[in-house]
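The values are calculated or read from the model by the stated rules, or taken from the named source; none is laboratory data. Predicted model only: the values in this text are computed from it and were never measured. Positions of Cβ are generated from backbone atoms using ideal geometry, with glycine treated the same way; all protein chains shown enter the neighbour counts.
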């Protein structure tokens, strides 16, 4: 494992849920953190406060990462306030629960933009710096829905599956440049969204419980510190999907 102390990480959607856990785990590993948020400023500022209490630097920056202009500003402000981005965690995204007959072109485009286009835009924005330094870690937070499918969010599953193709392709292109690219596919992690979803039940998971936030965050830290794992999908799902 490589030393992460002093590395700068940008975590999109880093103020709450899995993103918050990742932000804090990377800070505990020695990273300074750019905490991106879309709407919930208080959550992001609370995460920054916790990171600073760990002795690391952090900043909360609002941006809609599905919009190119916002992404450009996000990267510029992170780098000016914290430093060059060396670790990127593409965590931002959202799910829209719709049956097949309810989906529209608009909701399809929304899911693709929120979950897949955002991943592309932020990756493209940080890559020039990573390539110049010949060091970088890109970790994409996908979903088990990409592998097992979803009956309540076909568009969401398609977008998350696209992230896996994006991951493998970037990994292959960048392998000789000191940049690794990997994906994590969680299933039913005990977030606010999962706990409030009446369809989600712990007995859907072979292990018999929801996953914990830190069980995802620990994998992200491992990938950030490993120089030989690239192009991989790490399943954090309690046995929901086995490969």
* Within the stretch 69-93, how many residues turn out to be more than 25 Å from residue 222 (Cβ to Cβ) and either without any contact (Cβ under 8 Å) to a residue 12 or more places away in the chain or surrounded by fewer than 16 Cβ atoms within 10 Å (Cβ to Cβ) (or both)? -> 7
* Subset of the stretch 136-153 that is over 17 Å from residue 185 (Cβ atoms) and out of contact with any strand residue (DSSP E or B) (no Cβ under 7 Å at 6 or more places or on another chain) - its residue that is surrounded by the most Cβ atoms within 10 Å (Cβ to Cβ) -> 152
* Asked: Which of (1) crowded, with 16+ Cβ neighbours inside 10 Å; (2) at pLDDT 95 or above; (3) over 19 Å from the mean Cα position of the chain (by Cα) does residue 181 not meet, given it meets every other one?
  -> (3)
* To do: Could you check, for the stretch 7-18, whether at least one of its residues is over 19 Å from residue 213 (Cβ atoms) and surrounded by fewer than 16 Cβ atoms within 10 Å (Cβ to Cβ)?
  => no
* Collect the residues in the stretch 157-178 that are crowded, with 17+ Cβ neighbours inside 10 Å and without any contact (Cβ under 8 Å) to a residue 24 or more places away in the chain, keeping them in residue-number order. => 157, 161
* Asked: Looking only at helices (runs of 4 or more DSSP H) that fall completely inside the stretch 124-243, which ones have 3 or more residues that are in contact with a helix residue (DSSP H, G or I) (Cβ under 6 Å, 6 or more places away or on another chain) and within 24 Å of residue 108 (Cβ to Cβ)?
  -> 154-174
* Quick one: which of 51, 61 is under 23 Å from residue 121 (Cβ atoms) and surrounded by 19 or more Cβ atoms within 10 Å (Cβ to Cβ)? -> 61
